[in-house]
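The values are calculated or read from the model by the stated rules, or taken from the named source; none is laboratory data. Every value quoted in this text rests on a predicted model; they were computed, and no experiment measured them. As a convention, Cβ positions derive from the backbone with ideal geometry for all residues, glycine included, and neighbour counts pool all protein chains shown. Ligands, DNA and RNA are stripped out before the accessible areas are found, and what is left, the full protein with its side chains, is counted by its heavy atoms. Shrake-Rupley method; radii C 1.70, N 1.55, O 1.52, S 1.80 Å.
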Protein chains: 2
Amino acid sequence: MYRTHTCGELRLANAGQTVTLAGWVQRVRKMGSLNFIDLRDRYGITQLVADEHSAEVNALVEKLGREYVIAATGVVAERQSKNNKIATGDIEIKLTDVKVLNAAVVPPFTIEDNTDGGEEIRAQYRYLDLRRGPLKRAIELRHKMAHEVRNHLSNIGFLEIETPYLIKSTPEGARDFVVPSRMNPGEFYALPQSPQTFKQLLMVAGYDKYFQIVRCFRDEDLRADRQPEFTQIDCEMSFVEREDVIQTFEGLAKHLFKSVLGKEFTEAFPRMSYADAMEYYGSDKPDIRFDMKMNTVTDMLQGNGFSVFDEAEYIGAIVVKGCAGYTRKQLDEITEWVKRPQVGAKGLVYIKLNADGIKSSIDKFYTAEQLKVVADKIGAAEGDLILILSGAKKKMQGALGTLRLEMGNRLGLRDNNVFAPLWVCDFPLLEWDDETQRFYAMHHPFTSPKPEDMDKFFSNKKEDLEQVNANAYDFVLNGTEVGGGSIRIHDSKVQERMFEVLGFSKEDADYRFGFIINAFKYGAPPHGGLAFGFDRFCSLFGGQETIRDFIAFPKNNMGRDVMLDAPSRIDNAQMDELFLVSTAKTEE
Amino acid sequence: MYRTHTCGELRLANAGQTVTLAGWVQRVRKMGSLNFIDLRDRYGITQLVADEHSAEVNALVEKLGREYVIAATGVVAERQSKNNKIATGDIEIKLTDVKVLNAAVVPPFTIEDNTDGGEEIRAQYRYLDLRRGPLKRAIELRHKMAHEVRNHLSNIGFLEIETPYLIKSTPEGARDFVVPSRMNPGEFYALPQSPQTFKQLLMVAGYDKYFQIVRCFRDEDLRADRQPEFTQIDCEMSFVEREDVIQTFEGLAKHLFKSVLGKEFTEAFPRMSYADAMEYYGSDKPDIRFDMKMNTVTDMLQGNGFSVFDEAEYIGAIVVKGCAGYTRKQLDEITEWVKRPQVGAKGLVYIKLNADGIKSSIDKFYTAEQLKVVADKIGAAEGDLILILSGAKKKMQGALGTLRLEMGNRLGLRDNNVFAPLWVCDFPLLEWDDETQRFYAMHHPFTSPKPEDMDKFFSNKKEDLEQVNANAYDFVLNGTEVGGGSIRIHDSKVQERMFEVLGFSKEDADYRFGFIINAFKYGAPPHGGLAFGFDRFCSLFGGQETIRDFIAFPKNNMGRDVMLDAPSRIDNAQMDELFLVSTAKTEE
């Protein structure tokens, strides 16, 4: 062992001990005849000092550069000027010996919490970026999260069971990554988008409480903060109903809040129907850290000759507390903001409830009294600002929901250290797609209809099918969908009906899902489960918007690992062995 | 919840309680007016009884078939005739209600510990095979092993860090599985053969104790009991020497023996050099559950005119205790066995130390006195049998090692409930390949030479290079290599020398490993680690020879998942998107 202690553990009580530390040189500074080194490892920073009595050591220290790896031996001593910002700040090591274990060329950016390196250079030198405090804390948090998930679920009887990564391509939903098989010419494995079918087979096999922290793969056109490979906490239980699943994983979430963040949730997490979520938050993943619910004011505001409103399918309003004083400029800016294509509103109507009266952008059409009635109905009081969007219902609910979040941001109501979990339930089972003229499963084709909607599910009327709710639930945290699941179909007749509704021919369904349809004939128990997006869960716990810092070696928005320079071309011999020819143009 | 209790938990103390169990019907049998059901779930079997008072229940029970899924309600009662083979054998449930949760068609083989199903049908219906006791215990053991690995390593400061599965192809050693990239036409990711380079980058990044239970992929021509995807316990540490790594993972192994099997190892595990392993066991992974060491008797037996011996490079003998009484037939059989091509000996010489004198197959050339001298020297006593092979040294050492294992099998000396761990050290760093006229790394190209051999490593003489030992170690359990690792090269000059010795041009090395050569310039700490083959580790702990039962969904010897029927053909549209054309002949 090259060290006796880490750089994070020495205290005043160790004074007088001779120790050896090993780590990276964070900084060397000269003060008079003294040379100070900040030595860093995973556990902290310890100050080393070479004094005038050790010319040899001093000479060596002066040759050290940033990020050199050294082993330093000396005696622990109380510091003159203590540093209460670090745990080892009461002591320093009076050096008697220094060994350079490895030199280092100057890193392309500073290894500090606030670095001077841009995103690209840091991605290329990820192993250096990972030395910085924020990433180290993210990776440590992720370890702790995973470990607590496993402890909690194991303690309550779950088995972690590994499922295969080389599986069969079943193109439904996102694209599969595929893997050519050399031993089976012309054939391909697929990488799993999730272990969905395997966990259901495990239920058929009798493993009534399964989980796995597992990698999943989706070959999607990448959006910001999407990764082609990502990690799920995948769970499934048998002999359960929806309430059992929700209780079990609410228990897991509470355990994580407590053991990882020290936050105790004593009450049940709130629940909300999909319909309410859309009506009051314009989103299926409401951020309930702040109130500012949406109000439908269509009836209240129509019929006054303001054609924009009169022609609108929907008029919605939010009450922004205490913001009646917003200036023209501020309101113009918000108006421009809602008109951006990402939000998609045509314009914005405001009502300011000033102390000296009501002021609105629709004064021409409504009297102050009329607006006061509306304000009263939606709970707005003096000093508040009402913002109103109108238009097509679905689109404007979404836009108003987005505006609500933006106002939450502007008012600092979305504190990343505040956690507001929520279950959203009662989703529609099916979504009709006009383009392809077929239904798609809103979750996936194994989600059970709610028992009370089973008749409608077997109806041939599109209107009936549209009304069928799924026995599904999403776990939402701070406006982000972190988990989702459902009670599954365990009756092979219901499963076959589902494939029929989704427009798969019997042959097609058999080809793609034959093994699971078949498995269900051999005694499938009632079952259900859920999966958490682990990368996202970690980033929320870490108080960050982006998941990239919580993945040790992430890919960029083109799905590339810029550190490895992957993907890359492969040898022709390798292509030949796989019976493949590429039609891509070679770049010369 | 469909149940109040599991099928494994009710005891006499529960008598009188009304309970509901859910599970699979193992068996229904009628005795007079009574119907008995054995109901099975993951936790055990409970007997249910429908008596003459409940005609309705009886009628229902008589319709049940094997593997039906039911929920059964009744009162816990003491059994008349207790069954002490099962934990619930003192009680039965007097049924008041039975609900069929799902019917089942008759399974294609019996769901019993000893099934009537052949290997192929069980693979096809893996979800049914997984219901059987032996597989359930294997999967549960695997869960427990993984959980204890994580607990132990986390407790001593290791972080589990996930590394990517979509990486860069670096063809050295086994073939990579590759994944075409749609977003980067003509380019491919590779699936990792191990996270070797990533764990070394994590050391450069300062994460001084890393582990991961991780899937690895190798596109090899499959041998029996090889899987194209397999799981490793992958570990790495910084600022350590060989002894630190061995101590750390010996600690892990001891923890697993204790926590999983209740076996306590208080002494240090034995260690052996590669040279000794080859000389005394004819194998780099000796099974030391039994002694029967090999003896080199070349000098003792040459020069007596027996040309087979006189012309042999090597003569080796094992002493089989107490087997002097072997018959001619038995000896002939063993002789045939060693002549099989898998063993490769030309013949077998025996010496029987009978009470009434020495009898051997070389009586013509050696007197009893001469043979007695040899017997004494190699520790054979009256009643023992000596078996001798001769020929080319390397080959015959291997053959004699194989014979030793076979004799151990025949004598019942290889009890799967006895565990004999062993560290094998001091492997040669390099292996010369005559065909390609180059050196190959015996472990992998990141393994450090032993410090004392560094001069030879920089020598240009083949003889010097052949003598360089690796700073490596294997963990062997019961004659199986379960783990292997090494102290790595952390000096970029040594790493560059290694690539040079392996015959990579600088450009080639840069193209394949440039990122890690480069990373080492930025302050790489001394580091080393090891990886355990987790599937194999589990199977040995489970006392089984084959790993397949310890993998929930394994592949067959052609790399196929016969349950899924994967790999399979993919749509032409999918091929087009990937810029690929297959040259494999289509089967019509």
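With just the Cα atoms defining each centre, how far is the stretch B:274-314 from the stretch B:1-18? Give it in Å. What the calculation gives is 62 Å, centre to centre. When the alpha carbon gyration tensor of the protein assembly as shown is reduced to an equivalent ellipsoid, the three semi-axes, largest first, read 59, 44, 29 Å. FRET efficiency for the pair B:ALA174 and A:ASP576, taken as 1/(1 + (r/R0)^6) with r the Cβ-Cβ distance and R0 = 25 Å, rounds to 0.90. Amide H contacts under 5 Å for A:THR96: A:THR73, A:GLY74, A:VAL75, restricted to partners 5 or more places along the chain or on a different chain, H placed in the peptide plane at 1.01 Å from N. An ellipsoid equivalent to the stretch A:290-410, defined through the eigenvalues of its Cα gyration tensor, has semi-axes of 19, 18, 13 Å when rounded to whole angstrom and sorted largest first.
Would you mind pulling out the separation of the Cα centroids of the stretch B:474-533 and the stretch A:127-176, in Å? Rounded to whole Å, the Cα centres lie 26 Å apart. Counting only other chain Cβ atoms within 10 Å of each residue's Cβ, the peptide A:1-7 averages 3. Among the protein heavy atoms of chain B, carbon and sulfur supply 48% of the accessible surface, probe 1.4 Å, non-protein parts ignored. Here the Karplus relation 6.51 cos²θ - 1.76 cosθ + 1.60, evaluated at θ = phi - 60°, turns the backbone of the stretch B:97-104 into coupling constants of 7, 9, 10, 7, 7, 6, 7, 9 Hz, with x for every Gly and Pro.
The listed peptides B:515-526, B:69-80, B:279-290, A:496-507, ordered by packing as a protection proxy, come out as B:515-526, B:279-290, B:69-80, A:496-507 (highest mean of other Cβ atoms within 10 Å first).
The phi-based Karplus calculation (6.51 cos²θ - 1.76 cosθ + 1.60; θ = phi - 60°) puts the 3J(HN,Hα) values of the stretch B:342-351 at 5, 9, x, 7, 7, x, 9, 10, 10, 10 Hz, whole numbers, x for Gly and Pro.
Sorting B:438-450, A:213-225 by their mean Cβ neighbour count within 10 Å, with the most densely packed peptide first, gives B:438-450, A:213-225.
Roughly speaking, what is the centre-to-centre gap between the stretch B:358-434 and the stretch A:46-87 when only Cα atoms are used, to the nearest Å? If you average the Cα positions of each part, the centres end up 59 Å apart.
Placing a label point 7 Å from Cα along the Cα-to-Cβ direction at B:GLU9 gives distances to the equivalent points in the other copies of 4.1 nm, listed shortest first. Amide H contacts for B:ARG438 (H built 1.01 Å from N in the peptide plane; partners 5 or more residues away or on another chain; cut-off under 5 Å): B:ASP433. For B:VAL373 and B:LYS395, the difference between the fully extended length at 0.36 nm per residue and the C-alpha to C-alpha distance is 5.3 nm.
In sequence order, the stretch A:455-471 has phi-based couplings of 4, 4, 5, 8, 6, 9, 8, 4, 4, 4, 4, 5, 8, 6, 8, 8, 7 Hz under the Karplus curve 6.51 cos²θ - 1.76 cosθ + 1.60, θ = phi - 60°, and Gly or Pro positions carry x. With label points set 7 Å from Cα along Cα→Cβ, the inter-copy distances at A:GLN80 are 9.5 nm, sorted shortest first. When only Cα pairs below 8 angstrom with a gap of at least 6 residues are kept, chain A shows a relative contact order of 12 percent.
Normalising the Debye intensity of the stretch A:12-102 to I(0), with uniform scatterers on Cα atoms only, and taking log10 at q = 0.15, 0.16 Å⁻¹ returns -0.48, -0.56. Summing charges over neighbours of A:ILE547, with a neighbour being any other residue whose Cβ is under 11 Å away from its Cβ, gives 0 when K and R count +1 and D and E count -1.
The mean count of C-beta atoms from other chains within 10 Å of the C-beta of residues in B:417-424, rounded to a whole number, is 0. Among residues other than B:ARG11 with Cβ under 14 Å from its Cβ, the summed charge is -2 (Lys and Arg +1, Asp and Glu -1).
Counting only other chain Cβ atoms within 10 Å of each residue's Cβ, the peptide B:512-520 averages 3. Shown for A:LYS395: label points 7 Å from Cα along the beta-carbon vector, and their distances to the equivalent points in the other copies, 8.2 nm in ascending order. The Cβ shell under 11 Å around B:THR231 holds other residues with a net charge of -1, Lys and Arg each +1, Asp and Glu each -1. A crude spin-label estimate for the pair B:ALA381 and A:ILE517, with each label 7 Å from Cα along the Cβ direction, gives 7.2 nm.
Working from Cα pairs under 8 Å separated by at least six residues, relative contact order for the stretch B:290-410 is 36 percent. Peptides B:157-167, A:91-101 ranked from most to least packed give B:157-167, A:91-101, packing being the mean of other C-beta atoms within 10 angstrom over each peptide's residues. A straight chain from A:GLU311 to A:ARG271 at 0.36 nm per residue would run longer than the Cα-Cα distance by 11.0 nm. Hydrodynamic estimate: the Kirkwood radius of chain B over Cα pairs, inserted into Stokes-Einstein at 37 °C and 0.692 mPa s, corresponds to D of 115 µm²/s.
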